[in-house]
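Structure first, then comments.
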Amino acid sequence: MKKQALSIALGLLLIIGCNTKNNHPFGQEISTDSEQIAFGKSLFEQNCSSCHNFTQKTIGPNLTGLTTQIEADWIKSFIKNPQQLLDNGDQRTKILLDEYKVLMPAFSQLSEAEIDALLSYMHSFGPAAELESAAGEALEDPIPEKTMDSGLSLELEFFTQIPASDSISPLAKITKMESEPVSGRLFVQDQHGKMYELVNGKPKLFFDLRALRPDFVSKPGLATGFGSYAFHPEFVDNGLLYTSHTEKPGSKTADFAYADSIKVTMQWVLTEWKTANPSSKSFVGESRELLRVNVVTQIHGMQEIAFNPHAKKGEEDYGLLYIGIGDGGSAENGFDFISDHKGNAVWSSILRIDPQGNNSKNGKYGIPKDNPFVGQMNKAPEVFAYGFRNPNRIFWDPKGRMMASEIGHKHIEEINLIEPEKFYGWPRREGSFVINPKGDMDKVYALPSDDEKLGATYPFLQFDHDEGLAIIAGYFPNSGIFKGKFLFGDVPSGKVFVSDLNEASPKMQKVGIKYEGREPTLQELCGKPRVDLKFGQDKSGQVYVLTKADGKIYRVLD
């Protein structure tokens, strides 16, 4: 009876609040800490869920927006002792009694911390949950303008074949191909755990992560396994290499975890490897773990790590490692509060750390003193920028501007210009459109008139799913017809695009393919409907096209 009474009464508060003037508690302090929200979720399920949810009316009203319409202090007082409010002549309590004919019993057994947690969970269904009704009709075609054909083509020649690591497509899960920055040695990694050096165009095994990490997993795919690698800018002297990979849940204690009531599907691990001989053709050395992050699903993990190639020794950015971490699939699985933060968590963020430092919470890496959230209470000092669903590639243009490609949900693919402390919208925005993380996430809406209140930074370039389904950032050739332009594409279809990112509002154009006198699509070239397109670049600036479906690498001719 108590459960039902509490649930119904709290639900009615929303209705009363919406019809009471001057009671909107803008600025009220309700914690958005993910662990506290998860604790509140547990309390809500114990006390309220039999009568309420946040998507529709059941036995009681939909509770969406309760904490944005009623003062937090009043809700707390009502939960603790509604009879005392009635005795003091509180008008809201009188209306509740008239409506329900019975007053909710006091829940004095709930501690202050428990009530705060309950409010945190309710507050996570605040303004964002009202977006569908506030934003008007969902947009069927958010970007109706079509991409024009450039009239240009990438002329390709076969470069090499990477050994198959699976019996089904993709045969070799090659995702990153870059050079060691000083020697120019060229490497490519397979998500199933192997890293190859390309010597005279032939792949030679350099590093087998699976053999070195028994808890390593690369199934069921979808970006799991060996995620990325980055050579320290002084690798030829110090032998330091960094990698990201996935392991089984619970392999070790995570440095970044959410409430244990939420499932963990995988752990992403950042590791430093120190080779005994930097010029060796195969890795022999030691390693140490830098950090470990729990994720809800197998998607949107630590897919990119990178050093700024433009930073010079003595400059603040030199030797600092950038780490892209997506939302781990949390938003799409009902845990959007993990990614919906204001810099107080690492998910949905680009981190910036000093791998040679030790002033982090776990003492294994450093926090750069000029990181934007250093010294701010309840913030994650590793965070450089936040609000990403899946920042799958971090890169720098020829001017030294930092950018990231962002794979969208159902509608929008993005390239973002990355600046410190900026919020890039997810999970409240997909591109420059509204998305409702509490409702139907397959829909997007036009921005509201008061959009500036959210404080989101919108894409430098974006396109919708008429053009492609999953963006992959590429590189800037330093010669040929595409010199200085940005080549990028769509992962599944293998479509290639070009854009001049020097323009104030850059546009994208389609690019054709030429191969051995023919003009095939990349789907035709690899013989698969899903190409799994990636790009690579060597120290000379030469760009390569990788088709993960068949494990082949092509060189782009000038």
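Descriptive notes on the structure:
- Looking across the stretch 488-530, just one residue is touching a Pro at 6+ places or on another chain (Cβ under 7 Å), assigned to a strand (DSSP E or B) and closer than 24 Å to S169 by Cβ, and that is I513.
- Residue under evaluation E430, criteria (1) touching an Asp or Glu at 6+ places or on another chain (Cβ under 8 Å); (2) in contact (Cβ under 8 Å) with a residue 40 or more places away in the chain; (3) under 24 Å from P144 (Cβ atoms); (4) open to solvent by less than 10 Å² (accessible area, probe 1.4 Å), criterion not met: (1)
- F337 passes every criterion in (1) closer than 18 Å to D317 by Cα; (2) open to solvent by less than 30 Å² (accessible area, probe 1.4 Å); (3) not aliphatic (A, V, I, L, M) apart from (1).
- Residue satisfying all of: in the stretch 257-302; acidic (D, E) and free of Cβ contacts under 8 Å to residues at least 24 places away in the same chain; most open to solvent (accessible area, probe 1.4 Å) among these: D260
- Residue match in the stretch 441-455 (condition: over 26 Å from H341 (Cα atoms) and buried (at least 21 other Cβ atoms within 10 Å of the Cβ)): no
- Positions within the stretch 228-263 being modelled with pLDDT under 95 and of a type in the set (V, I, T), in sequence order: I262
- Here the stretch 399-440 is the region considered, the condition is being of a type in the set (S, T, N, Q) and outside any loop (DSSP other than H, G, I, E, B), and the residue that is farthest from the chain's Cα centre (by Cα) is N416.
- Qualifying residue in the stretch 461-469 (condition: modelled with pLDDT of 95 or more and over 25 Å from the mean Cα position of the chain (by Cα)): no
- For the stretch 454-487, a residue qualifies if it is hydroxyl-bearing (S, T, Y), out of contact with any Lys or Arg (no Cβ under 8 Å at 6 or more places or on another chain) and part of a loop (DSSP other than H, G, I, E, B), and exactly one does: S479.
- G193 being at positive phi and touching a Gly at 6+ places or on another chain (Cβ under 8 Å): yes
- Options D141, D149: the member that is of a type in the set (D, E), open to solvent by 30 Å² or more (accessible area, probe 1.4 Å), at pLDDT 95 or above and part of a loop (DSSP other than H, G, I, E, B): D141
- Of all residues in the stretch 371-410 being on the phi > 0 side of the Ramachandran plot and touching a residue at least 12 places away in the same chain (Cβ under 8 Å), the one that is least open to solvent (accessible area, probe 1.4 Å): G387
- Considering (1) modelled with pLDDT of 95 or more; (2) closer than 29 Å to L522 by Cβ, the lone condition that S479 does not fulfil carries the number (1).
- Scanning the stretch 303-312 for residues that are modelled with pLDDT of 95 or more and either open to solvent by less than 30 Å² (accessible area, probe 1.4 Å) or touching a Gly at 6+ places or on another chain (Cβ under 8 Å) (or both) yields E304, I305, A306, F307, N308, H310, A311.
- Condition check for Q509: over 13 Å from S153 (Cβ atoms) and modelled with pLDDT of 95 or more: no
- Beta carbons closer than 6 Å, at least 6 apart along the sequence or on distinct chains, pair a first residue in the stretch 68-81 that is among the basic types (K, R) with a second that is modelled with pLDDT of 80 or more and open to solvent by 10 Å² or more (accessible area, probe 1.4 Å) for K80/S108.
- Condition check for E316: open to solvent by less than 10 Å² (accessible area, probe 1.4 Å) and farther than 26 Å from Q36 by Cα: no
- Residue list for the stretch 84-110, filter: touching a Phe, Trp or Tyr at 6+ places or on another chain (Cβ under 9 Å) and either among the acidic types (D, E) or at pLDDT below 70 (or both): D90
- All positions within the stretch 325-373 that are assigned to a loop (DSSP other than H, G, I, E, B), at pLDDT 95 or above and polar (S, T, N, Q): S348, Q356, N358, N359, S360, N362, N371
- The stretch 111-128 - residue that is closer than 24 Å to G439 by Cα and among the hydroxyl-bearing types (S, T, Y) and, of those, modelled with the lowest pLDDT: S124
- The stretch 391-404: number of residues that are small (G, A, S) and touching a Gly at 6+ places or on another chain (Cβ under 9 Å): 1
- Lone unmet requirement of (1) on the phi < 0 side of the Ramachandran plot; (2) buried (at least 18 other Cβ atoms within 10 Å of the Cβ) for G239: (1)
The values are calculated or read from the model by the stated rules, or taken from the named source; none is laboratory data. Predicted, not measured: the structure shown is a model, and the values here were computed from it. In this analysis, Cβ positions are derived from the backbone assuming ideal geometry, glycine residues included, and neighbour counts consider all displayed protein chains. Calculation scope for accessible area: heavy atoms of the full protein, side chains included, ligands and nucleic acids excluded. Shrake-Rupley method; radii C 1.70, N 1.55, O 1.52, S 1.80 Å.
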